[in-house]
Amino acid sequence: MTTALYLPEENIDMIAATSVLQQQAADIRTKAINWAPYMQSQMISEEDYRAISALDKSRAAYLAQNSSQVVKTLLNLVSHLSKDSTIQYILVLLDDLLQEDRSRVDLFHDTAGKLKQCIWGPFLNLLNRQDGFIVNMASRILAKFACWGHETMPKSDLNFYLQFLKDQLASNSTSYLQEMAQLAKRTQTILVHTHGLHGNNKDNHGHQYSPNLAQLQQQHQQELVVSSNESYRQVSNSNEQAHQQEGKCVIPNNEYIQSVARCLQMMLRVDEYRFAFVGVDGISTLIRILSTRVNFQVQYQLIFCLWVLTFNPLLAAKMNKFSVIPILADILSDCAKEKVTRIILAVFRNLIEKPEDTSVAKDHCIAMVQCKVLKQLSILEQRRFDDEDITADVEYLSEKLQNSVQDLSSYDEYATEVRSGRLEWSPVHKSAKFWRENAQRLNEKNYELLRILVHLLETSKDAIILSVACFDIGEYVRHYPRGKHVLEQLGGKQIVMQHLGHEDPNVRYEALLAVQKLMVHNWEYLGKQLEKENENQKQGAAPIAGKA
């Protein structure tokens, strides 16, 4: 399976994913700009005035004969004008030019290079604006410049832009959940209204292209004077409703989040950009949003981002450190949309195929088995799909996971469960044979599994996870002679003791048992003592029984 298999959908997906942007752009195209007052007030040059006026009248013909001038004029206008309606119009015009012919991206790169102008700066600047349409249209154009041409975005600008995309996604999710929590306290209702993301991006990065505020204000006042007769209708934020679905929080369809996600989909097709995105902790953000209840279109787009990341073998090998498999397994069990099912299966396939280390692929298979993916595959096998890729992926994954089950040892199963962070009372925990044979293996890889158990005790809010973690730590100490010392070194003893006062009785009980095991220094000696006591009791009981 290759990236090219999904390319035919791109234009359709682009429209679907940016529908709000497209609707506003269509409205903006109908509003002609009177450029004469801009020239008369010397805000634009006569050369730029003639170029933009001619471009408005006959785009294709003028561009064919004056391509360098068009690039120069558009970059000048974006850089030096500030009125929202004017910038909106210029961005729509520029985006239309690129959408009509992708090769024009290279035209912009080459011409800007000859003119010694920075093609990135003016648009990165616009990401700091207050108008949501301007911010997201500038972001869309930046993604095209970065992905459709022969030049890649410089590293410093790339990090800034990817951080912007990540923050836009995160702020949508975070702000909604915070608002919902506040409303829940006030109204105890299941219907919640939340404002969509409107580009109020108060960026504190201090980017090198940030404009001079005083200069912007002065320009803006001038433009208000010269264009006082222009009518401009501000596109208002649309309020969305959220509701409870199957007991989970549903995040509404934000008016721009699909556009942000679409930009990220484009960027992560480029291998160099993938590593930069991981460098700004982008995967964690995607997983955090997917763990909430976003609509299926955003689900698809964000999982698509994970999919293209997994084409890099190094990233595919590290992906499940971010709990990608458990989150996608949950979505797979709930989703009803074929496109979401398809992209999840494609991610799972890459996680097995792409890592160069076979042990990593094996770990991923075990993790999928642990997360009940086999059960979902058996359900999918009973369905008929029009998409042949789904059928092929289901067959491939079923075979790989079935093979991994046959090779699965109890310790592999246990290690996968601990690494997933989703502890439950599976049979392996209660097996005395397992702990006798494997307790010492918790010391492997610098006490990796033991450290995870301690971390779960410290961070988890789930009573079952806490109970199982306490039990496992107690069994480790019980069966490994130096276990008490190791646990104290890792700070685990104190954390276990803190759960003696936990609100859940099961957690308190397991914590108490673990503490008791920690207090006993020699389990083998204690066992012999208990055996002696039992024998003495039996011997002492015999005469009494005879008299009776």
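For region 499-508, how many residues meet the condition of being in contact (Cβ under 8 Å) with a residue 12 or more places away in the chain and surrounded by fewer than 18 Cβ atoms within 10 Å (Cβ to Cβ)?
Step one: list which residues in region 499-508 are in contact (Cβ under 8 Å) with a residue 12 or more places away in the chain, which gives 499-500, 502, 504, 506-507.
Remaining after also requiring surrounded by fewer than 18 Cβ atoms within 10 Å (Cβ to Cβ): 500, 502, 504, 506.
Qualifying residue count, region 499-508: 4.
Determine, yes or no, whether Asp101 is open to solvent by less than 40 Å² (accessible area, probe 1.4 Å) and over 28 Å from the mean Cα position of the chain (by Cα).
On the way: open to solvent by less than 40 Å² (accessible area, probe 1.4 Å): no; over 28 Å from the mean Cα position of the chain (by Cα): yes.
No.
When only residues in region 464-516 that are among the basic types (Lys, Arg) and over 21 Å from Phe434 (Cα atoms) count, which is modelled with the lowest pLDDT? It would help to see each step written out before you state the result.
Of region 464-516, the ones among the basic types (Lys, Arg) are 478, 482, 484, 493, 508.
Add one more test, that the residue is over 21 Å from Phe434 (Cα atoms), and what stays is 493, 508.
Values: Lys493: 91, Arg508: 94.
Going through the qualifying residues, I end up with Lys493.
Of all the helices (runs of 4 or more DSSP H) wholly in region 411-500, which have at least 3 residues that are touching a Phe, Trp or Tyr at 6+ places or on another chain (Cβ under 9 Å) and farther than 24 Å from Lys362 by Cβ? So that I can check it myself, show each step before the final result.
Values: elements: 432-438, 444-459, 463-479, 483-489, 492-498.
Those helices (runs of 4 or more DSSP H) span 463-479, 483-489.
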Practice task
Please find, within region 269-288, the residue that is most open to solvent (accessible area, probe 1.4 Å) out of those that are of a type in the set (Ser, Thr, Tyr) and within 19 Å of Pro326 (Cβ to Cβ).
Solution key: Ser284
Practice task
Return the only residue of Ser53, Ser79, Ser85 being open to solvent by 20 Å² or more (accessible area, probe 1.4 Å), touching a residue at least 40 places away in the same chain (Cβ under 8 Å) and part of a helix (DSSP H, G or I).
Solution key: Ser79
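Pick from region 153-187 the residues that are farther than 24 Å from Ile289 by Cα and either in a helix (DSSP H, G or I) or in contact with an Asp or Glu (Cβ under 6 Å, 6 or more places away or on another chain) (or both): which of them is modelled with the lowest pLDDT?
Of the residues in region 153-187, the ones farther than 24 Å from Ile289 by Cα are 153-157, 186-187.
Now restrict to residues that are either in a helix (DSSP H, G or I) or in contact with an Asp or Glu (Cβ under 6 Å, 6 or more places away or on another chain) (or both): 155-157, 186-187.
Numbers: Lys155: 93, Ser156: 90, Asp157: 95, Arg186: 55, Thr187: 46.
Filtering first and then ranking leaves Thr187.
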Practice task
Go through (1) of a type outside the set (Asp, Glu); (2) under 17 Å from Asp84 (Cβ atoms); (3) at pLDDT below 90; (4) surrounded by fewer than 14 Cβ atoms within 10 Å (Cβ to Cβ) and name the single condition Pro8 misses.
Solution key: (2)
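Pick out the one residue from Val308, Val298, Val278 that is of a type in the set (A, V, I, L, M), over 16 Å from Leu162 (Cβ atoms) and over 9 Å from the mean Cα position of the chain (by Cα).
Values: Val308 fails: over 16 Å from Leu162 (Cβ atoms); Val278 fails: over 16 Å from Leu162 (Cβ atoms).
On inspection, the qualifying residue turns out to be Val298.
Within region 289-314, which residues are within 25 Å of Ala415 (Cβ to Cβ), part of a helix (DSSP H, G or I) and open to solvent by 10 Å² or more (accessible area, probe 1.4 Å)? If you could, list the steps in order and put the result at the bottom.
Our first condition is that a residue be within 25 Å of Ala415 (Cβ to Cβ); within region 289-314, this holds for 290-291, 306, 309-310, 313-314.
After this cut, where a residue has to be part of a helix (DSSP H, G or I) as well, the list is 290, 306, 309, 313-314.
Answer for region 289-314, where residues must be within 25 Å of Ala415 (Cβ to Cβ), part of a helix (DSSP H, G or I) and open to solvent by 10 Å² or more (accessible area, probe 1.4 Å): Pro313, Leu314.
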Problem - Filter result (outside any helix (DSSP H, G or I) and either touching a Leu at 6+ places or on another chain (Cβ under 8 Å) or under 24 Å from Leu314 (Cα atoms) (or both)) within region 327-358 - result: Lys354, Pro355, Glu356, Asp357
Practice task
State whether the residues of region 259-268 include one that is modelled with pLDDT of 50 or more, surrounded by 19 or more Cβ atoms within 10 Å (Cβ to Cβ), in a loop (DSSP other than H, G, I, E, B) and within 16 Å of the chain's Cα centre (by Cα).
Solution key: yes
Practice task
Just give me the residues in region 359-401 being more than 24 Å from the chain's Cα centre (by Cα) and either of a type in the set (S, T, N, Q) or not in a helix (DSSP H, G or I) (or both), in sequence order.
Solution key: Ser359, Ser378, Gln382, Arg383, Arg384, Phe385, Asp386, Asp387, Thr391, Ser398
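The values are calculated or read from the model by the stated rules, or taken from the named source; none is laboratory data. Keep in mind it's a predicted model, so treat the numbers as computed, not measured. In this analysis, Cβ positions are derived from the backbone assuming ideal geometry, glycine residues included, and neighbour counts consider all displayed protein chains. Calculation scope for accessible area: heavy atoms of the full protein, side chains included, ligands and nucleic acids excluded. Shrake-Rupley method; radii C 1.70, N 1.55, O 1.52, S 1.80 Å.
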